[in-house]
Every structure is written in structure tokens, then in C-alpha cells.
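The values are calculated or read from the model by the stated rules, or taken from the named source; none is laboratory data. What you see is a predicted model; the values in this text were computed from it and never measured. Quick reminder, even Gly has a Cβ in these numbers, built from the backbone with ideal geometry, and neighbours come from all protein chains shown.
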Amino acid sequence: MAAPDPDRLDSLGKRLAELQTKQAAGPKRQPPNQSGIAFRFATELVASLAVGGGLGWGIDWLFGHFGFHTRPVFLIVFFMLGIVAGIRNVMRAATEINAEIARTQVSETEDGKEK
Amino acid sequence: MAEAPATTETTEVPAGHEAAGFPPFKTETFPSQLFWLAITFGFLFTVLWRAAGPKINAAITNRRNAINGAIAEAAKARAEAEAAQAGYETALAQARKRGNALAEETRQTLNAEIAKAKADADAQASAAMAAAEARIAGTRETAKAHVKTAARDAAIAIVERLTGDKVSAEDATAALGN
Amino acid sequence: MALNPMEQFTIKPLIAEPLFALAGHPIFFTNQALLMIIVVVASSLFLTLAVKPGRLVPTRGQSMAEMSYEFVANMIHTATGEDGLKFFPFVFTLFIFVLCSNFFGMIPGSFTVTSQIAVTLALACMVMLIVIVTGVAKHGWRFIMLFIPKAPIYILPLLFLIEVISFCSRPISLSVRLFANMLAGHTMLAVFGGFVVALGSAGGALSLLSVAPMMLIVGILLLELLVAFLQAYVFAILTCIYINEALHLHDHH
């Protein structure tokens, strides 16, 4: 009987353990990229402005239909609300993106620990 | 809708600043767009939901199971290899112990035999020496006795010659004893 | 090639006569309809035929199909948790449709389905409809709590209005983002393509100069590939985030 090589057995054991953890962990995630984040903020803001303005304009139109001439009032008020909603949306988007980045970083550090 | 290409080919529109000439905002195209979107999206949804999705899922699950099975098998084989190695090592240690014991035993029996042989040889030698000493002592006694007899006879003969007296052997012996 | 960069976004009927009328609107078979059909047929065939469940070592096609599947499945799982997985077929379809439309639109001479605001807005409205139906089906009248943050009572009406505007802005931002990205990218490609053609046909030393915009085009093309993927990803992940809100209201945060 030839003497078995304990080093080879050990390296096999290590590779096996790595495989098992990798299989349990699942695939990696990519962090979001910069230009995408910037554009996301821009559209969130603009969309809220547009919806706010549009809503205000629609309410003005509706009142005008019934003979109340409120024309710029609701437009302005809802435009302001739109600004606030847009800022709120941007803040929400920021927390979502932060959560996404945190998730990818957590999975990265977990990968690091396993090695 | 049919006249759209004619207008866009002749006029240079600077990046869609004119809403009227901006193709995506032409509302008369919207019904056709929405109709075909509904048809194609619905088709894709049905295919992915009923056919492609389950198929891909099955492929992924099969592979995951196969990989997990292979890993489990490899882990088992590794455990077996480790057990075999441990067995080999204990067998080796046992064999070594037995070998050592055997060597020790051999050494002891050999030592005992050597000691016995030595003791035998010693005994023989001392016996032979004792026998020799006894013989020597015996020879010396007889020689002594011979010397005494000869001396007595000589004394008797001398006395007879000188005096003519016959001296008895006992007298001669007594006289010589001094 | 079209010198007008907007030319590529024009919807042209391929059959001059309308096929039929739907609620008074004539329905044409257009270049966009053709591209949509090509996109869904190609992606359906690919995702169905490239995959064999028994094949343990995947071909390149199969691993691409599996990668897209797992990508979307992971996205839903991390964004909404276990109970969001029943929306998988919808989000997967959305992702594949947008992704393939974006990619097919990059082929010279073809048409970008997602460069039409009608298409992107319709997709976004479909997402919001599903969000509302899910929320109401799961929480009933309590779904309105989505618009009522924790705050002192006297500013609640104001906050309610802001939340409603914020909610209504979602389909707009979702659709405008995709539409604008595709429009801008393809316009840029067409403009620089026009430069190359113009300089190349000018002859002499000028045709040598066309190398510069050509290299720029390669760069933009690579960037556009990234944007095409990224926009499909953003559309799908935001769908997941909105579905998550409808499923769990605010109790996650």
C-alpha cells in the first residue's frame, strides 16, 4: 500500500468546503452605476413636477369649466407640491440605491469572510 | 400617418424641438402601437409563463441538484479517504509496536541463552579444575608416601650397614618423623 | 441612410391600408409592429429552444437564458421577498421585452420599440395597474395607508397630496426614463453615423478624418449596449420595488 498524500486530501477538502458555501450562497450582485443613479434622480424630480403641474392645470380647467376662474392658483400650488413630491421621490430613490449598494457590499464582505 | 416620411425627409428637424414633427409624439400612431404592444407582450408573457419559464427553472434545478449531489458524493469520498488514512496510520503504528516487541523479546531470549551457556561453561571449567586439583593432591600424597618409604628404607639400610642392627620399620618411621 | 437623426423614430405603415378599425381608430401594420413581433418571437424561440432541462453542462445559449432567469428571480427575491415571486412571469416578460427591444433597436436600419413614449408609458401604466390591483386585493381599503405617512394630523392632507403626486409621477418617470434614454442614445448614434457617411463621401483628406467619429461611434455603441441593459434592469427593479410597497405597505421601513 502506497502512503496517501495528506496535503492532497487537505486541498481537496478545502476546495469542497468552498464549493459547498458557494453553492449555498447563490450568484453575486452588481452594484448600481453612477450615471444611472444621476439620471434616475433627474427623472424622479421632473416627473413629479410634471404630474403636480398637470394636476393643478387640470383642477384649474375643471373649475374654469364651472365658471370659477382660478387659472394660475391651483397650477402654482400643485407645481409647488410637485417640487416637494419630487424631492421626496429623490430621497426615496437615494435610500433605495443605498440599500442596493449595502446589499451588494454585504454579499461582498460575506464572500471575503468565507475565503 | 402615411404622409409622415415625406415631411421628415425634406425638413431638417433639429433634434425634436418641434413637437409636431417629433415622431414619438404623433398621437395618430398610438392606437396601432398599443394594439401591437398588447398582442406581442401578451404573446411573450404566455410563452415565458407557460413554456420557457418552467423549462429554464427545471434546467437550473436539475443542475443544482446534480451539483449538490456531486458535492455530497465528493464529501463522502473524502470522509472515506480520511478514514482509510486513519486506518493505515493505526495499522502502521501497531505493526511498528509489534516489531519493537519482537525485537525486545529476541534480545532477551538471546541474552538468557548466552548467560546460560556462560554459566555452563563456568561450571564445567570449575569442575575440571576441581578434578585436576584433586588429582594433583592425590599424586602429591602418594609421592610424599613414596618419599617417606624410600627414606625409611634408606634409613634402615644405613643403620643396618653402620650398626648391623636390624631396625624395625615402625622405629625408622618414628625417627624420620622428627 | 437617413441624414435626419429623427427619421429612425418615425412609425411607417408597411401595408398602406389599415388592417381594421378598433373603436374608430385605424390599426396599421407598421415597422414598429414588425419589430415587436420579431422581438417577441426571437426571444420566445431563444428562451424555449436554447434550454434543455436535462443538459447539465449548458451551451452558451442555455447559460444566457438561465442567467437572465436567475437575474430576474434574484432581483424579485431581494426586492420583495418570497411572496413577490408570483410576479415572476410578469417581471421576467417585462425585462425580456424591454431588453430585447433595446438591443434589437441597435441594429442599423431597424426600429427601437422602446423609443416610443406610447409603448413605455403603456408598460409603466401596466405596472402601476398591477401595483394598485395587488395592493387593493391584499390590503383592501388599508391600501390608502400607502399615501399616509406617519406625521402630525394638521399636515396630513398636504402630505397626502404630495404622496399622491409622488405615486402618480411613477409611471411618468418610469416611462420617460426609458424613452429618453433610448431616444437620446439612438439619436446620438445616428448623428455621428451621419458624420461618418458625410466625411467618408467627401473624399480626399476628409475621408481620413471620418476615422475619428468612427472610433467615437464604437465608444458610443458600447455605452449604448450598457444603457440598453441598464434601462431594462432599472425598469424591472423599480417594478419590483413598487410591487413590494403594494405587498408590504410601509411596514418594511
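Structure notes:
- Some residue of segment C:6-28 being facing chain B (nearest Cβ under 7 Å), within 16 Å of B:Val47 (Cα to Cα), at pLDDT below 90 and not in a helix (DSSP H, G or I): no
- The residues listed here are C:Thr59, C:Thr112; of these, the one that is among the polar types (S, T, N, Q), within 14 Å of chain B (Cβ to nearest Cβ) and surrounded by fewer than 19 Cβ atoms within 10 Å (Cβ to Cβ) is C:Thr59.
- Extreme residue, nearest to C:Ala65 (Cα to Cα), among residues of segment B:51-88 that are within 41 Å of the chain's Cα centre (by Cα) and polar (S, T, N, Q): B:Asn65
- If only residues of segment C:177-200 that are among the small types (Gly, Ala, Ser) and crowded, with 17+ Cβ neighbours inside 10 Å are counted, the one that is farthest from the chain's Cα centre (by Cα) is C:Gly193.
- Which numbered condition C:Met67 fails, given (1) modelled with pLDDT under 90; (2) at the interface with another protein chain (Cβ under 10 Å from one of its Cβ atoms): (1)
- Residue match in segment C:164-174 (condition: surrounded by fewer than 15 Cβ atoms within 10 Å (Cβ to Cβ), of a type in the set (Lys, Arg) and at pLDDT 90 or above): no
- Condition check for B:Glu105: surrounded by 10 or more Cβ atoms within 10 Å (Cβ to Cβ), more than 10 Å from chain C (Cβ to nearest Cβ) and among the acidic types (Asp, Glu): yes
- Odd one out for C:Phe87, checked against (1) among the hydrophobic types (A, V, I, L, M, F, W, C); (2) touching a residue at least 24 places away in the same chain (Cβ under 8 Å); (3) within 7 Å of chain B (Cβ to nearest Cβ): (3)
Yes/no per residue for (1) of a type in the set (Asp, Glu); (2) at pLDDT 85 or above; (3) exposed (fewer than 15 other Cβ atoms within 10 Å of the Cβ):
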site	(1), (2), (3)
A:Val73	no, yes, yes
A:Phe79	no, yes, no
A:Val90	no, yes, no
A:Ala94	no, yes, yes
A:Val106	no, no, yes
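- Scanning segment C:26-56 for residues that are of a type in the set (A, V, I, L, M), touching a residue at least 40 places away in the same chain (Cβ under 8 Å) and surrounded by 14 or more Cβ atoms within 10 Å (Cβ to Cβ) returns C:Leu34, C:Leu35, C:Met36, C:Ile38, C:Val39, C:Val40, C:Leu47.
- Filter result for the condition that a residue is aliphatic (A, V, I, L, M), farther than 30 Å from C:Leu47 by Cβ and under 22 Å from the mean Cα position of the chain (by Cα), over B:Ala93, B:Ala130, B:Ala125: B:Ala93
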